[in-house]
1. When ranked by the protection proxy of mean other Cβ atoms within 10 Å per residue, highest first, what sequence do the peptides A:472-479, C:175-182, B:155-162 form?
2. In debye, nearest 20, what is the charge dipole magnitude of chain B about its Cα centre with +1 on Lys and Arg Cβ and -1 on Asp and Glu Cβ, if you could check?
3. Show the residues, 5+ positions off or on another chain, whose built amide H is closer than 5 Å to the amide H of B:L23.
4. Show that you can apply the helix-only estimate: for chain C, add -39,500 (n - 2.57) for every DSSP H stretch of four or more residues, divide by all residues, and state [θ] at 222 nm to the nearest 500.
5. So what J values fall out for segment B:213-228 if you push phi through Karplus, 6.51 cos²θ - 1.76 cosθ + 1.60 with θ = phi - 60°, rounded to Hz, Gly and Pro as x?
6. Which net charge results for the neighbourhood of C:A148, defined as the other residues with beta-carbon distances under 12 angstrom from its beta-carbon, given Lys and Arg at +1 and Asp and Glu at -1?
7. Using a simple spin-label model with points 7 Å from Cα along the Cα→Cβ vector, what separation in nm is obtained for C:S102 and B:R195?
8. What distance in nm separates the simple spin-label points at C:R14 and B:A14, each placed 7 Å from Cα in the Cβ direction?
Amino acid sequence: MNTGTQYLHEVAASDYEHGWTSNIDADTLPKGLNEDVVRLIAAKKGDPEWMVERRLRAFRHWKKLSQNRDKYPRWAHIEYPAIDFQGISYYSAPNSKPKYESLDEVDPELLRTFEALGIPLQERKMLAGVAVDAVMDSVSVATTFKAELSKLGIIFCSFSEAVEKHPELVRKYMGSVVPHTDNFYASLNAAVFSDGSFCYVPAGVRCPMELSTYFRINQAGTGQFERTLIIAEEGSYVSYLEGCTAPQRDENQLHAAVVEIIAAKDAEVKYSTIQNWYPGDRDGKGGVYNFVTKRGLCAGSGSKISWTQLETGSSITWKYPSVLLKGDNSIGEFYSVAFTKNRQQADTGTKMIHIGRNTSSTIISKGISAGRSNNSYRGLVKIGRKAENARNFSQCDSMLLGDRCGAHTFPYLEVNHPTARVEHEATTSKLGEDQMFYCQQRGLSEQDAIKLLVSGFCQEILAKLPMEFAVEARKLLAIELEGSVG
Amino acid sequence: MKPILEIQNLRASANGTPILRGLDLSVRTGELHAIMGPNGSGKSTLASVLAGRDDYDVDGGAVSYKGEDLLEMDVDERAREGLFLAFQYPVELPGVSMMNFLKQAVNSIREHRGEEALNAAALLKRARDKAALIGLDTRLKQRSVNEGFSGGEKKRNEIFQLAMLEPTMAILDETDSGLDIDALKTVAEGVNALRTDDRGFIVITHYQRLLNYIIPNFVHVLVNGRIVKSGGKELALELEARGYDWVRDESDAVPA
Amino acid sequence: MERAMRRTDRLEERFLAVARSVANLRANGVTSALAKLRHDAQDSFASMGFPKPRSEAWKYTNIRSALRKYFPTEPVGSTPPAGYGMHGLNTDIAAFVNGRYSAAHSRNGPLPKGTIVGGLQAALGSHKESILHHLGRLAPISSCPFVALNTAALSDGAFIFVPENTRLERPLQVVHMVTSGVFFQPRTLLIAEADASVEVILSISTPPSEAAFANTVTEVSVGPGADVNAYTIQPERDRLTTVTALNVHQGTGSRFGSYTATFGGEVARNNLTITADAAHCDTFLNGLFLARGNSHIDNHTLVDHAMPDCESSELYKGILDEQSTGVFNGKVMVRQDAQRINAYQSSKAVVLTHDARMFAKPELEIYADDVKCSHGATTGQLEKEALFYLRSRGLSEKQARDLLLEAFAREFTEGLPNGEIKHLVEQLISGWLTR
């Protein structure tokens, strides 16, 4: 038998750990989308008039796109039946009271939900120093450490709260990196987004703790459309973490989020994601469609935006966390591990758009495919006509665990300046037989050897995650490989 | 002096080409057997077949290890039963830290023996002691297994793992190749320190040089997949002086 | 919007009308099977149209806008341009004027028994089955609108047949010439039977005074154990747009090498599609492109590994000067169960000026696990250190630059299996550099 074939079949068939549902009263809109629904969402959120206008503008644009089949994003290496956008509920709140003043007001069942996910909401558990904003279905349920952060001038709150309390910041920056016309799902999000996270770090402030948002889709038949906006003023620093899960459901759920980051001169934003949405069962039934637009703008000189992601969930992942390198000497980074099994499909990568001088970007992507899954890297490196001395290095490695999966690499390298140096390397292979033999000769079982070698393959990326997250990421990857939990 | 390994009339081939053509060898505890032979005689094949590499087909013969049929065991089972191979070309494991690797290897074997798993502190202490024994730069332990190691460091790392895993039967496959004289001496000292009454060694080498520092109990000459001559340590010196041709001639003269 | 639609329709119609009338002109005596293929191709082209500007396969080459400049006419007259083919080579020459074999312009030594070098139509009598088995199948009309358009006018072309166990001692030049007219659609079918061995050099020749668009299709069947090298050499030439399709199927244990050297042209698009249909195939795709002026050179390659135990190796090198554009889009596909594939791809480009551009899109699409596939792509300028070093030894900036560029191109020429052709390409390179 092939190296680990049997074990790999087990891995490929393993179950989803977070697939339970919570019995929480929810205020869910009927299915369907039209201007009235958009107005209703705005009303439920208590949106100011300018926001209602923005939503409607986005909705009208999306409607135009949705009427033209050519405008549907179809270029990715993924296959799925047409989504019935009228068959989705665009708003669901965990109960009739959409906002909480303190954790005591939160439905205990909801807290148990987050506990079970390993998300420490209670402040007493927060000594580790992670501030958390938790978003259940469409509503932000709790944000911790708010007071402490505000002493430093850092605003960390739900998006709704930011709209209410910091409208000038939201008006200025929302849509400045990902306009509502950007793409099909970004338009949809701009129309119906319900909540999300907001973070503002003032000039010169180094955020002393990791900021973290956990997203969970709970309600059946709902989509989740959250927005995240991070603004790092001159010379500031923030590290931001995002995690997500969803219950096991037979129908596909749509998740179309937008994340925008703005980094001013010499600011640095590190954005880490562990994406573990429900991937569907082993036959590909159910699972989350994860169609996400994430983009950062290195607006000022010397700024830096770094995306690190571990993607293990979702039946379909379609996301390209990108950086617009506008400021001179700015830096963009993308580090990714994408693991797919069963019938999962992932088409993920990045765009590094070099606009300013002396800008540099690094892309390291590790794809692991098992079962009958397909895993694609798709990335664009564009060196603009004024991007003197731009540098890019890209490395995309794919590993195939099993003979019925696919691993694909689609890089686009566009060089418009002679001083650019763009280097791209990619490899695709299976686990090394010599490496397996070496480990087994030292007494490791076939299973342990595979786990060890796969985690070694990803080590470079996982090491980029903040400590706490790295531990969680390793565990998650081990569970995904283990195949027997749940 | 209990028998550990009993090889009888072992035949093995790779891609249909016979390499071992009826090899006999028996190793007891406390013994160190040197196997010498010209290039292509089957030395490394023997090591690989004993460790269970599946690039080779065993076409006949038997190997008994501690009274069990070795050829029936999986690669990791052999390792857990105490059979250790120091690789001629140690494999690089990118991203796999030395300590994590050692922890998993040591504890897999301990668990198999019914011993308690070593905790991180105990493992670290043991690693420090054993590294000192063979002069391994402790900084190497911070790195990925064999990645970016020099040739000499890789070979030392093999002996270091031997020390960590405490096997019953250790097979050293051309551990001396690519080592300068100082590194050779350190490795030899390490091996000598690990020679115990309850452990057997097979040392595969092309040159006599290593045997100046590791004194064998027996020397065997492997030609064309068969042991054609056996003797004491003085046989190695004779081979050094006269080359392999005379044994080859002798063996050709006497049909098997 | 409606007006725009009509305008694009007119572009397609412009070319299709000429293709139809060329086909009708020469329809006499053509078998019904060929006529059917042609009609299917006409329909297929009419429904596909030229690639839309946003189509993924033509992302970096706006071929519609290039084609708009051409007003196709049918070729008239019978005198081809003087000075055709590659000079200084000891080769046989098979020349085709307006698609028909021209003995007067050809030059053959005695050919091995059973070997055919001539016109497609003429060969239909003796090799009908073999021709119909391959023609339009190696390059299916559905694969690309340009293949459909070429096939839409198909009535004659070059036919090279090398029987089993036969080796052509000298390389064969296949030269397609057109006497006039700006729309030119050469067609070649090469069949190398089992264990045959042949080297062909493919080139075209159009009247130098006229702007021209050449839409070439070459189909190659490499039989089991056969060894075929195809050289496509396009010297520098303004006002010439070329779309060149080379479609190859390989049999068990065969070896195929494609060596493409493009020295310019207004727009040059080379589509290479190699299908390794059987086990133990070796495939080499090497390319060199040197561009200056407003030249736009686009190399598009697909190596499709459908069966196990094959190897492919691909190397493309480009030098982009002035306002030129280079594109490399190479895909390696490994299908399910095509195990134990080694596929290697490398593309390197030097961009010399602020206005030159390079787009690279190296792709891997892998569905089998026991594979070793890799690609590397680099784009940059010449090493400053190296330039400085040479200048410190007294070389002028231009000398130093040319020396380094020649060295850069050498990786391509070193890989050419034929010494004479290698020498010729080296001369073309230094000629290009010193112009």
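1. Descending packing order for the listed peptides: B:155-162, C:175-182, A:472-479.
2. The dipole of chain B has a size of about 720 debye.
3. Under 5 Å from the amide H of B:L23: B:N9, B:L10, B:R11.
4. One gets -8500 deg cm²/dmol as the mean residue ellipticity at 222 nm.
5. 10, 10, 7, x, 7, 9, 10, 10, 10, 9, 9, 6, x, 9, 7, 9
6. Residues close to C:A148 contribute a combined charge of -2.
7. 8.7 nm
8. Result: 6.4 nm between the two label points.
Since every read-out is calculated from the coordinates, none of them should be taken as a lab result. If you're wondering where the values come from, they're calculated on a predicted model, not measured in any experiment. Because the Cβ atoms are built from the backbone with ideal geometry, glycine has one as well, and the counts that use them run over all protein chains shown.
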